[in-house]
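Note sheet for the following structure.
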Amino acid sequence: MDLWNQLPQEYVGSIKDQIDSLRNDEKQQNNLEQIIERRWMPKPLWAVRSYDLDGIKAWKTLSEISVTHRSNNPYCIYIHVPFCRSRCGYCDCYAFPLTKNEQRHIQQYTETLVQEIEIWGALHLLKKREISTIHFGGGTPLTLGCQNLNRIVKALRENFNVSKETELAFETTSSMLTEEIFSSLDQMRFTRIHIGVQSLQDKVRKLIGRQESPEIVLEKIRFANQLGWTVSTDVIIGLPEYGISGILSDMDSLIEIGVEGFSIYELVQSSRNRLFFNKFHLADQPILEKFVMFQTAFQHLLRRGYQNNLYNHLSKKVDKNIYFTSPSRHEDLLGMGTIADGYFGNFLYRHGSYLHYLKAVTEMNPGLEGGLFRSAAETKYRQLEIELRSGKPDPMVFASILSEEKAMKLFAGWIRLKMINIDPSGESCSLTPNGAWFIGRLLSEASDEIQ
Ligand code: SF4
């Protein structure tokens with residue numbers, strides 16, 4: 001495999017070791033590629049079964065649960081903005097390019113979001129609870145413009161307990177950031193930014209439609225750092241013409257200028273990016289090659305002092321990745337905006353698609369599509385899911401939910417396949433880079449033991 005020649009020597013031994021542990025596992029009847037393929041994430045609950053309650057009844061239930069549920073615990077807020085300046089071919093997010101009637105869409109969506117914020121804010125006990133983070137995702141939230149964003153942030157401050165400790169975070173492309181926008185966001189007290197850099201290689205940037213030069217991207221990250229913001233980004237495995245040497249060199253450039261966190265994931269084909277996959281024949285990329293690139297990127301960060309705070313997010317201490325790590329702290333999630341989901345205790349809800357959302361939000365109702373209660377088995381699975389996704393699964397939690405015997409069997413298998421390590425203290429476990437690749441398989445195996 002040509003890839004081995006491109007890998008820095010320091011990674012070859014450990015990755016080959018991972019591969020051998022998979023290949024040698026006596027229970028495996030499949031060839032190596034088939035084993036590595038077994039990595040798909042289970043679908044979220046709302047995608048595998050129908051809602052228990054329609055939107056109106058879900059809201060009635062929530063307005064009773066959310067005022068009482070763990071009323072002393074902090075919770076986090078997620079706001080989804082489904083617009084982008086243009087649509088990137090590789091992207092799988094729920095987002096539309098703003099072309100016709102741009103201002104009408106922006107104004108209507110802002111109004112609807114503010115209305116939704118006010119409806120939730122009328123739940124007085126919810127209003128009192130501490131908020132850990134407010135995370136704006138999408139899409140590109142900055143397409144709303146600073147004035148509208150300011151209006152939304154103001155509504156959040158007026159309706160919820162947003163304190164000095166509450167982190168304000170947003171996702172964006174670098175091209176949306178100007179000096180003026182930096183300054184407005186700073187005044188609004190945003191302190192964390194997740195930038196979709198994707199690549200600093202000219203050739204790759206051209207293929208994926210990124211307009212700015214790498215130098216300008218780095219300059220903007222430096223500027224965010226100077227403001228005291230925490231900056232994180234993605235490492236996407238499987239973009240066209242993006243080989244391991246480009247990935248490692250980009251990671252080094254980003255580390256050097258102070259990027260605090262990296263989320264590593266594989267580009268996965270879906271109905272939203274199928275044309276892009278076809279255009280660049282991405283489905284033909286050997287799975288072993290992607291697996292090796294994933295492992296190498298992961299190890300590269302570990303060797304530079306980054307640590308998992310989620311199964312696929314490695315960071316320095318400053319980047320706490322509060323929104324994505326909130327389940328480990330047992331925080332509820334108040335999701336707002338189209339397709340945003342959320343949960344209070346064991347009740348989950350979800351908003352509908354864009355047009356449904358705009359129509360469904362009324363003075364009395366935050367526009368939910370439906371809601372469902374986790375069953376006893378789904379609740380057990382959720383606890384195991386949180387453990388595995390945290391990157392530090394606790395065998396004792398597994399033993400208490402499954403049985404000591406089942407937990408030992410699962411962990412023994414995962415340790416044998418080098419998916420989980422026992423930490424040197426002997427007191428805790430953590431997912432290896434191999435385990436991060438196979439998170440979907442670990443989740444399925446945990447789920448099977450509940451049945
Ligand atoms: S990659 Fe980012 S900017 Fe591009 S379509 Fe997706 S969300 Fe929008």
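The figures follow:
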quantity: SER428-TRP40 FRET efficiency (beta carbon distance; Förster radius 30 Å; 0.05 resolution); calculated: 0.65
quantity: Linear extension gain, ALA376 paired with GLU256, 0.36 nm per residue minus alpha-carbon span; calculated: 38.5 nm
quantity: Heavy-atom accessible area order for MET408, MET41, MET176, largest first, 1.4 Å probe; calculated: MET408, MET41, MET176
quantity: Computed accessible area, HIS80, all protein chains, 1.4 angstrom probe, square angstrom; calculated: 10 Å²
quantity: Rotationally averaged projected area of region 51-329 (alpha carbon convex hull; nm²); calculated: 15.8 nm²
quantity: Positive-end residue, region 51-329 charge dipole about Cα centroid, Cβ charges, pick of CYS84, ILE221, MET251; calculated: CYS84
quantity: Pairwise label distance in nanometres, THR191 with ASN421, each label 7 Å out on the Cα-Cβ vector; calculated: 3.1 nm
quantity: Above-threshold pairs, the threshold being 23 Å between Cα atoms, out of LYS100/LYS203; LYS164/LYS320; LYS100/LYS279; LYS164/LYS317; LYS16/LYS290; LYS392/LYS418; calculated: LYS100/LYS203; LYS100/LYS279
quantity: Among ASN273, THR143, GLN299 the positive-end extreme of the charge dipole of the chain (Cβ point charges); calculated: THR143
quantity: Simple label model, 7 Å out from Cα along Cβ direction - ARG222 to LEU125, nm; calculated: 5.2 nm
quantity: Whole-Å distance, taken between Cα centres, linking region 433-450 and region 293-344; calculated: 17 Å
quantity: Theoretical FRET efficiency, 1/(1+(r/R0)^6), r = Cβ-Cβ of LYS203 and ASN150, R0 41 Å, to 0.05; calculated: 0.60
quantity: P(r) of region 284-344 over all Cα-Cα pairs, binned every 10 Å from zero, in whole percent; calculated: 18, 32, 27, 22, 0
quantity: Whole-Hz ³J(HN,Hα) from phi, Karplus 6.51 cos²θ - 1.76 cosθ + 1.60, for region 374-384, glycine and proline x; calculated: 6, 6, 4, 5, 5, 5, 4, 4, 4, 5, 5
quantity: Nearest-10 value in Å² for the accessible area of MET396, using the 1.4 Å probe; calculated: 140 Å²
quantity: Residue order for VAL217, VAL318 - accessible surface, 1.4 angstrom probe, largest first; calculated: VAL318, VAL217
quantity: Rounded to 5, percent antiparallel among DSSP beta bridges of the chain; calculated: 40 percent
quantity: Modelled FRET efficiency - R0 45 Å, ARG87 with LYS409, Cβ distances, 0.05 increments; calculated: 0.45
quantity: Accessible carbon and sulfur surface of region 158-225 relative to its total accessible area, %, 1.4 Å; calculated: 46 percent
quantity: Dipole moment magnitude, nearest 20 debye, the chain about Cα centre, only Lys, Arg, Asp, Glu C-beta charged; calculated: 680 debye
quantity: Relative contact order (%) - the chain, alpha-carbon pairs under 8 angstrom, separation at least six; calculated: 20 percent
quantity: Average accessible surface area per residue within region 51-329, 1.4 Å rolling probe, Å²; calculated: 43 Å²
quantity: Probe 1.4 Å, all protein chains present, accessible-area order of ILE216, ILE15, largest first; calculated: ILE216, ILE15
quantity: Helix-only CD estimate at 222 nm, as mean residue ellipticity for the chain, using -39500 (n - 2.57) per DSSP H run (n ≥ 4); calculated: -13500 deg cm²/dmol
quantity: Stretchable slack from PHE96 to ARG303, in nm (0.36 nm times residue separation minus alpha-carbon distance); calculated: 70.7 nm
quantity: For the chain, Cys with no neighbouring Cys Cβ under 4.7 Å; calculated: CYS76, CYS84, CYS93, CYS146, CYS429
quantity: Zone of ARG272's modelled label, taken as backbone nitrogen in region 93-129 under 14 Å from a point 7 Å along Cα→Cβ; calculated: 93-98
quantity: Alpha carbon centroid spacing (whole Å) that separates region 71-89 from region 375-428; calculated: 30 Å
quantity: Solvent-accessible area of TYR323 with every protein chain in place, 1.4 Å probe, in Å² to the nearest 10; calculated: 40 Å²
quantity: Relative contact order %, region 288-402, counting alpha carbon pairs below 8 Å whose residues are six or more apart; calculated: 19 percent
quantity: Alpha-carbon spread of region 220-356, three principal axes, descending order, Å; calculated: 44, 40, 28
quantity: Summed side-chain charge close to GLU116 - residues other than GLU116 whose Cβ falls under 15 Å, Lys, Arg +1, Asp, Glu -1; calculated: -1
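The values are calculated or read from the model by the stated rules, or taken from the named source; none is laboratory data. A quick note: this is a predicted structure, and the numbers were derived from the prediction, not measured. Cβ: placed from backbone, ideal geometry, glycine included. Neighbour counts: every protein chain shown. These accessible areas exclude ligands, DNA and RNA; they are computed on the full protein's heavy atoms, side chains included. Shrake-Rupley method; radii C 1.70, N 1.55, O 1.52, S 1.80 Å.
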